[in-house]
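The values are calculated or read from the model by the stated rules, or taken from the named source; none is laboratory data. On a predicted model such as this, the values are computed, not experimentally measured, just so you know. Heads up, the Cβs are rebuilt from the backbone with ideal geometry, glycines too, and the neighbour counts pull from every protein chain shown.
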Amino acid sequence: MSSETQIRVLPDHVANKIAAGEVVERPASVLKELMENALDAGATQIDVDVLAGGRTLVKISDNGGGMNRDNALLAVERYATSKIRDVDDIEHIATLGFRGEALAAIASVSRLTLRTRLAGDLGGTEIVMAGGKIQDVRDAGCPPGTTLEVRNLFFNVPARRKFLRSEPTEFAHIRQVFFMYALSHPAVGMNLTADGRAVYVLAGGAALEDRLRDLLPTTAKSMLRHVNYTARGIIVSGFIGLPANSRADRSEQYLFINGRPAGAPVLSGALREGYHSLLPRNRYPVVFLFFSLDPGLVDVNVHPAKKEVRFRDPASIRDAMIEAIRRALALDGRVNGSKVQDGQAGPTPGPAPQSIFRSLAGFDRMIPSQSFPYPRQPSKTMPEPPVSTTPGPAGRESASKAIPIAAGGEHGSPWLWCRILGQVGNLYVVMETEDGLVLMDPHAAHERVLYERYLAAVIQGHIESQGLLIAETVELPPAGAQQVRRHLELLKTLGFGIAEFGGDTFVVDALPACFADVPPRLLLPDMAGALEQSGERGGTRRLLEERIAQAACKASVKAHQTLTHEEIETLVIQLARTEMPYTCPHGRPTLIHTSFQELAKKFGRS
């Protein structure tokens with residue numbers, strides 16, 4: 001066997017660098033590991049300082065238990081930890097960290113300085129390392145707790161360093177990590193300083209509601225519902241958003257298992273089921289949910305970065321999460337978004353029919369029926385609408401008769417002629433066409449109309465912008481703010497009047513005309529999500545424009561909104577002129593058609 005193919009044990013510094021590739025992806029990974037160590041040490045105050053997006057410095061100071069010299073020297077060794085003793089402990093992990101490899105991995109690809117002192121000691125210890133090797137160990141004067149300085153990350157791994165992004169991008173990831181742990185531990189005071197500028201100053205001893213207000217000051221309390229549910233030893237707590245406050249992506253879904261930011265496929269499925277029938281496709285709720293359960297029932301030893309966990313009894317977790325969500329959104333035994341527990345009140349929806357008989361009770365108040373033409377390609381045989389006399393309110397009569405059909409565009413309408421019969425259940429529009437009965441959902445129909453109108457304007461470059469009477473400021477999460485900041489010019493070309501207002505806050509003084517009725521605080525997060533998913537490279541520009549246009553659902557007519565005859569007529573005409581009148585942009589049907597043949601069969605006339 002040649003020397004080139006012989007098996008050999010890798011040197012420690014090589015093994016540590018390989019391990020660092022799994023644990024340390026970027027400066028935000030360093031912050032994650034060090035914050036977990038500080039929280040495990042029982043810290044009640046954590047201060048974070050970063051320079052140049054963490055590329056130059058990530059410094060974290062805590063007032064936790066601290067270490068003596070011997071433990072400090074062991075802490076920087078690989079697989080050295082105080083959190084487990086043998087293999088059985090892995091099945092009952094009650095701490096955030098336990099692997100004992102993060103500090104050694106970080107030290108192997110940076111210049112690291114560790115200062116620590118026990119509360120009862122007169123002096124502390126300072127350890128200086130570079131590239132995983134100890135350079136100096138000396139006495140130091142420092143406060144109780146531990147301070148770690150990580151400088152020049154990947155200075156000895158140029159291939160990894162060149163893959164780091166720009167300073168603003170790396171800092172956005174750092175803010176996101178800080179946000180997650182600040183949210184999961186509201187009782188711990190936390191400060192974040194970037195390049196000498198205070199970004200977050202969070203007092204300790206806070207409740208989750210207070211921490212949410214500090215981290216997301218623009219999130220309206222009225223749009224969140226409190227969750228507090230216990231079943232079979234599983235506690236589900238936190239806050240969830242009303243369906244009306246949904247997002248275009250999952251960026252504002254925060255799940256914590258025993259204080260650990262983590263996720264699992266079973267949780268994603270349970271979240272969808274909890275909001276089943278309340279949200280359309282491709283809409284995601286805002287959630288801040290905490291799961292507390294026996295550590296023996298959850299396996300955190302799945303991923304090196306501990307991003308995903310597994311449950312011993314996933315069915316119990318799923319059922320508890322679904323029930324917690326439904327109870328938080330419950331109103332008089334119905335899943336609804338209008339009122340919730342704890343005396344909080346939200347928007348009240350319009351009245352819903354209690355039974356089919358109650359819906360039919362308003363038949364005598366229906367609007368007069370009327371027929372009118374729509375643009376459509378001429379056909380060889382065009383049947384005339386039947387002449388009928390229908391009694392209307394106050395004994396009036398409205399006659400339907402044949403009306404010439406004008407030629408349309410490349411596509412035809414769903415019908416040759418139409419007669420509006422009315423609106424039932426304070427929601428659905430009933431119409432008669434030349435070959436049957438049609439039910440129309442006004443909300444879905446209006447979505448389709450606005451979607452195609454705005455998309456056509458985007459493609460043709462004729463986007464109308466409407467100024468707001470009063471400019472609004474919108475604060476976004478770090479990741480969303482970074483996307484908006486990078487695409488400000490693109491948003492302006494799409495009809496937004498937007499500018500930076502400092503930090504992650506933007507001022508909006510104009511919107512695309514078809515979104516003029518949508519509050520910027522709801523619309524801008526959707527834009528950020530679309531930008532993050534699509535970008536603007538190559539063909540994704542068109543995809544981005546389509547995603548943004550789908551936000552027309554926020555500007556369309558709402559369910560249980562009573563429409564006048566003129567409004568229904570206008571909407572029906574506009575829908576007939578669209579390219580795809582049968583579905584809304586989310587794929588929901590706008591029309592349900594029942595032919596005369598089907599009706600005859602149901603009544604036994606076939």
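Among the residues of segment 446-478, write down those that are among the hydrophobic types (A, V, I, L, M, F, W, C), within 27 Å of the chain's Cα centre (by Cα) and modelled with pLDDT under 75.
455, 458
Looking at segment 148-156, is at least one residue within 21 Å of residue 56 (Cβ to Cβ) and among the basic types (Lys, Arg)? Spell out how you get there, then give the answer.
Going through segment 148-156, the residues within 21 Å of residue 56 (Cβ to Cβ) turn out to be 148-156.
Remaining after also requiring among the basic types (Lys, Arg): 151.
For segment 148-156, residues within 21 Å of residue 56 (Cβ to Cβ) and among the basic types (Lys, Arg): present.
Quick one: in segment 296-342, which of the residues that are assigned to a loop (DSSP other than H, G, I, E, B) and at pLDDT 85 or above is nearest to residue 275 (Cα to Cα)?
Looking only at segment 296-342, we keep the residues that are assigned to a loop (DSSP other than H, G, I, E, B), and these are 300-307, 309, 312-313, 329, 332-333, 336-338, 340-342.
Of the ones still in play, those that are also at pLDDT 85 or above are 312-313.
Numbers: 312: 25, 313: 22 Å.
Residue satisfying both the conditions and the ranking: 313.
Please enumerate the residues belonging to segment 478-493 that are farther than 13 Å from residue 523 by Cα and in contact with a helix residue (DSSP H, G or I) (Cβ under 7 Å, 6 or more places away or on another chain).
Within segment 478-493, 478, 479, 482, 483, 487 meet the criteria.
For (1) at pLDDT 90 or above; (2) part of a loop (DSSP other than H, G, I, E, B); (3) touching a Gly at 6+ places or on another chain (Cβ under 8 Å), each residue gets a yes or a no:
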residue	(1), (2), (3)
83	no, yes, yes
88	no, no, no
105	no, no, no
116	yes, no, yes
119	yes, yes, yes
136	yes, no, no
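If you take the residues in segment 242-289 that are out of contact with any strand residue (DSSP E or B) (no Cβ under 6 Å at 6 or more places or on another chain) and either in the same structural domain as residue 583 (by TED's automatic domain parsing) or among the basic types (Lys, Arg) (or both), which one is nearest to residue 526 (Cα to Cα)?
Once the filter is applied, the top-ranked residue is 283.
When only residues in segment 186-199 that are under 25 Å from the mean Cα position of the chain (by Cα) and buried (at least 20 other Cβ atoms within 10 Å of the Cβ) count, which is nearest to residue 256 (Cα to Cα)?
186
So, in segment 217-234, of the ones that are touching a Ser or Thr at 6+ places or on another chain (Cβ under 7 Å) and either among the small types (Gly, Ala, Ser) or crowded, with 16+ Cβ neighbours inside 10 Å (or both), which residue ends up farthest from residue 319 (Cα to Cα)?
Kept after step one, since they are touching a Ser or Thr at 6+ places or on another chain (Cβ under 7 Å), are these residues of segment 217-234: 227-228, 232, 234.
Next cut, either among the small types (Gly, Ala, Ser) or crowded, with 16+ Cβ neighbours inside 10 Å (or both) only: 227, 234.
Values: 227: 14, 234: 10 Å.
Checking each candidate, the answer is 227.
Would you mind telling me which numbered condition in (1) on the phi < 0 side of the Ramachandran plot; (2) among the charged types (D, E, K, R); (3) touching a Ser or Thr at 6+ places or on another chain (Cβ under 8 Å) residue 249 fails?
Answer for residue 249: the failing condition is (3).
Okay, residues lined up against (1) touching a Lys or Arg at 6+ places or on another chain (Cβ under 8 Å); (2) in the same structural domain as residue 521 (by TED's automatic domain parsing); (3) farther than 19 Å from residue 481 by Cβ:
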residue: 146; (1), (2), (3): yes, no, yes
residue: 150; (1), (2), (3): yes, no, yes
residue: 155; (1), (2), (3): yes, no, yes
residue: 167; (1), (2), (3): yes, no, no
residue: 172; (1), (2), (3): no, no, no
residue: 185; (1), (2), (3): no, no, yes
residue: 226; (1), (2), (3): no, no, yes
residue: 237; (1), (2), (3): no, no, yes
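Condition check: closer than 30 Å to residue 258 by Cα and outside the structural domain of residue 47 (by TED's automatic domain parsing). Does residue 202 satisfy that? Even if it seems obvious, please write down each step before you answer.
Values: closer than 30 Å to residue 258 by Cα: yes; outside the structural domain of residue 47 (by TED's automatic domain parsing): no.
Taking the combined requirement at face value, the residue does not satisfy it.
Evaluate segment 177-185: report whether one residue or more is part of a strand (DSSP E or B) and either in contact (Cβ under 8 Å) with a residue 12 or more places away in the chain or surrounded by 17 or more Cβ atoms within 10 Å (Cβ to Cβ) (or both). I'd like the intermediate steps shown before the answer.
Within segment 177-185, the subset part of a strand (DSSP E or B) is none.
The answer is no; no qualifying residue exists.
Which ones in segment 238-267 are assigned to a helix (DSSP H, G or I) and not polar (S, T, N, Q)? It would help to see each step written out before you state the result.
Taking segment 238-267 first, the residues assigned to a helix (DSSP H, G or I) are 243-245, 265-267.
Correct list: 243, 244, 265, 266, 267.
Yes or no: segment 424-441 includes at least one residue that is at pLDDT below 75 and either touching a Pro at 6+ places or on another chain (Cβ under 8 Å) or over 27 Å from residue 515 (Cα atoms) (or both).
Step one: list which residues in segment 424-441 are at pLDDT below 75, which gives none.
No, every residue in segment 424-441 fails to be at pLDDT below 75 and either touching a Pro at 6+ places or on another chain (Cβ under 8 Å) or over 27 Å from residue 515 (Cα atoms) (or both).
Checking residue 447 against (1) surrounded by fewer than 20 Cβ atoms within 10 Å (Cβ to Cβ); (2) in contact (Cβ under 8 Å) with a residue 60 or more places away in the chain; (3) acidic (Asp, Glu), only one condition comes out false. Which one?
For residue 447, the failing item is (1).
Residues in segment 248-282 that are in contact (Cβ under 8 Å) with a residue 60 or more places away in the chain and out of contact with any Cys (no Cβ under 8 Å at 6 or more places or on another chain): how many? Even if it seems obvious, please write down each step before you answer.
Of the residues in segment 248-282, the ones in contact (Cβ under 8 Å) with a residue 60 or more places away in the chain are 248-249, 251-252, 254, 256, 258-261, 280-282.
If we keep only those that are out of contact with any Cys (no Cβ under 8 Å at 6 or more places or on another chain) too, we end up with 248-249, 251-252, 254, 256, 258-261, 281-282.
Summing the residues that are in contact (Cβ under 8 Å) with a residue 60 or more places away in the chain and out of contact with any Cys (no Cβ under 8 Å at 6 or more places or on another chain) in segment 248-282 gives 12.
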